[in-house]
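First up is the structure itself, then whatever we jot down about it.
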Amino acid sequence: MQITCLGASRCVTGSSFLIENGQKKYLVDCGLFQGGRQMERLNHSPWGFNPAEIEALILTHTHIDHSGRIPRLVKDGFRGKIYASGPTAELAKILLLDSAHIQEMEAEWHGRKNKRKGESAVEPLYRIEDAEACLPLFEPVKEDEVFRLDADMSVTFHNAGHILGSSILEIGCGPAERRRKIVFTGDLGYKGHMILRPPAILTEADLLFIESTYGNRNHKSLVESEEELLHAIRYSREHGEKVLIPAFAVERTQELLFMIGKFFRQKLIAPMPVYLDSPLAIATTTIFSHMQQYYDAETRALFDSGNDPFHFDQLVCTRSSQESMDINNQAGPAIVIAGNGMCSAGRIRHHLKHNLWRPGCSLVIAGYQAVGTLGRSLVEGARMVKILGERVVVRAKIFTIGGLSAHADQNGLLEWLGHFKNPAMRVNVIHGESAVSDEFAELIRRKFNLKVYVPSIGDRISDEGEVERAQKVVEIQPQAPAIDFYLEELAQKADALRTLLAGAKAGLPPHVLQTIEEEMASARSHLEDALSSARGIDRNAKAGK
């Protein structure tokens, strides 16, 4: 058996792995690359295989960085089965259609922009009909039951505890006398999750592919995260402003609703509107309410007591665009949960444009922010950002709540890994930024004395753990999108400052001079960040990285 890494290797997104077992070919995951223009261009790259030759796709879960290229795969000829857990199959029905809608909308927007410049139209990565064509291919698989893909290859789905329906894949291959066991963690959750059961414990594997998104750090505790969210809500309520929470529709939104509902039940915050401003998140939350068998004991007990933890009296579901726009016409404190979680698309950008500049507003970042995204820039302290073509000063208070991550942190990953008993197991560290994966790999070597490798996109790995390096390495330079962003911002700031300074010489009022000072301070900050990033790239280049 040969496994080719096609994504989520020295980067976080684009999860996809080609398994070749004799003449048979299978895929594990088929996700979108996300996080800046360099990464997103990879979505249009050649597959490296013929989609029509793929026997089946085995899907760990529905997050778009694991499932988002499936419609393109079908568009390009794939007709096999898509094996997934029951909840994953249900969630895919709405998530892939939503992804297709976003692809069409973005292509239309770029097409209009090109037309004004006399350039050609833009074709979306895939369309809604391509996503619809995926849905009949899904084949739900029961948890912990072995099923056969072919005569000498089997798969078992185990609970990963990451999001609803997320799975660890245990793949067996070869005849009984020399059976090999390969494990893909997908995205791994953690013990103490507020809704889901903890990840299943596995003890045997010959080859392990383990995620490392947070392999270099540990999360805040859940108690700390609840306290910080409560502080953000109280802060904006005292100032009569809104709390903005960019959140992904699956899991993160439901966790936030769970916590906010508890605050209301315990009277920790006074009644105020909570807008769930995402048709996708609304539909997903409905699915969550009907999947009680997958929850931990505490969450099931809430349902049994007559309290749906995802719905409460203050919740307002806004489905239409007009309802979404009306939120920003409502004065007074409110909580707005809108997608997407990295602020790179969706309705949250409109709310940021209307509120980010307002003192007293809170922005709650509740998950991982990929390099090159607007969310990452805000977390890193940007004082001025560009949203929907307009520059917006950042006066809102930024809160980062690490304890809500659906990913296991460093301690959680090591604890889970520590249950394996095979001292000859080969470990491949994937699904992390390059430096993070390297750091986590070294930690595994020291702690468990295992053979560890951090693959790149294009590397081929045998079931014995032998590596054939890619002939053409896909270079992932996470700093580059940030520098492009800074340089673009600096150029715009320079133009604006020239205009403002010219006006100042003409004796403009004091508030204009204050604006000049703010612009200059912001420009200086962006310049320092850009220079720091450039120095980092230069150091890596000199080191041959």
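Where a number appears in this text, it was derived from the coordinates with a stated rule and is not lab data. Not measured: the values here are computed from a predicted model. Every residue, glycine as well, gets a Cβ built from its backbone with ideal geometry; the counts of neighbours run over all protein chains shown.
For the chain, with only Lys/Arg (+1) and Asp/Glu (-1) charged at the beta-carbon, what is the dipole magnitude about the Cα centre, in debye rounded to 20? Could the numbers behind the result be given before it?
Values: 63 positive and 69 negative charges, 250 e Å.
Dipole size: approximately 1200 debye.
Could you work out how far the C-alpha centroid of the range 16-83 sits from that of the range 201-256, in angstrom?
About 28 Å separates the Cα centre of the range 16-83 from the one of the range 201-256.
Mean Kyte-Doolittle of at least 0.5 plus a Cα span of 15 Å or more along the axis: flag which DSSP H helices in the chain meet both, please.
Values: long enough: 86-116 (46 Å, -0.75); 222-239 (26 Å, -0.77); 252-265 (20 Å, 0.10); 279-289 (16 Å, 1.34); 434-448 (21 Å, -0.22); 479-505 (38 Å, 0.06); 510-542 (48 Å, -0.67).
Once both thresholds are applied, what remains is 279-289.
Scan [x] 105, 58, 39; [y] 87, 61, 48; [z] 73, 68, 42 for the value of Cα extents along the principal axes in Å calculated from this model and give just the label.
Looking at Cα extents along the principal axes in Å for this model, the match is [y].
Modelling each spin label as a point 7 Å along the Cα-to-Cβ direction, I'd like the residue 467/residue 321 distance in nm, to one decimal.
Once both label points are built, they end up 4.8 nm from each other.
Got a sec to turn the phi values of the range 370-376 into Karplus ³J(HN,Hα) couplings, 6.51 cos²θ - 1.76 cosθ + 1.60 with θ = phi - 60°, whole Hz, x for Gly and Pro?
5, 4, x, 8, 4, x, 5
Of the cross-linked pairs 421/472; 24/447; 220/242; 113/397, which ones have a Cα-Cα span greater than 29 Å in the structure shown? Spell out each step's value before the answer.
On the way: 421/472 35 Å; 24/447 37 Å; 220/242 24 Å; 113/397 33 Å.
Listed pairs above 29 Å: 421/472; 24/447; 113/397.
So, with +1 on the Cβ of K and R and -1 on the Cβ of D and E, and no other charges, what is the size of the charge dipole of the range 222-404 about its Cα centre, to the nearest 20 debye? Let's see the in-between values first.
Values: 19 positive and 18 negative charges, 161 e Å.
Dipole magnitude for the range 222-404 comes out near 780 debye.
So for the range 222-404, averaging the separation of alpha carbon pairs under 8 Å that are six or more residues apart and normalising by length, what relative contact order in percent results?
Working: 324 pairs, mean separation 59.6, N = 183.
Computed value for the range 222-404: 33 percent relative contact order.
Using mean Cβ contacts within 10 Å as the protection proxy, how do 290-296, 331-337 order, highest first?
Details: 290-296: 14.3, 331-337: 20.3.
Final packing ranking: 331-337, 290-296.
State to the nearest 20 debye the size of the charge dipole of the range 313-435 about its Cα centre, where the only charges are +1 on K and R beta carbons and -1 on D and E beta carbons.
Using Cβ point charges on Lys, Arg, Asp and Glu, the range 313-435 gives about 380 debye.
Starting from the 7 Å offset along Cα-to-Cβ, what nm value, one decimal, do you get for the label separation of residue 191 and residue 329?
Here the modelled spin labels are 5.2 nm apart.
With a cut-off of 8 Å between alpha carbons and a minimum separation of six or more residues, what is the relative contact order of the range 108-253 in percent? Write down the numbers at each step before the final one.
Working: 173 pairs, mean separation 19.7, N = 146.
Across the range 108-253, relative contact order equals 13 percent.
Given that compact globular proteins tend to follow 2.2 N^0.38 Å, what is the ratio of the alpha-carbon Rg of the range 194-246 to that value?
Details: Rg = 18.1 Å, N = 53, 2.2 N^0.38 = 9.9 Å.
After normalising by residue count via 2.2 N^0.38 Å, the value is 1.82.
What ranking, highest mean first, results for peptides 301-307, 90-96, 130-136 when packing means the other Cβ atoms within 10 Å averaged over each residue?
Put in order of decreasing packing, that is 90-96, 130-136, 301-307.
From Cα pairs below 8 angstrom and at least 6 apart in sequence, can you work out the relative contact order of the chain, rounded to a whole percent?
Numbers: 1098 pairs, mean separation 88.2, N = 545.
Averaging sequence separation for qualifying contacts and normalising by length gives 16 percent for the chain.
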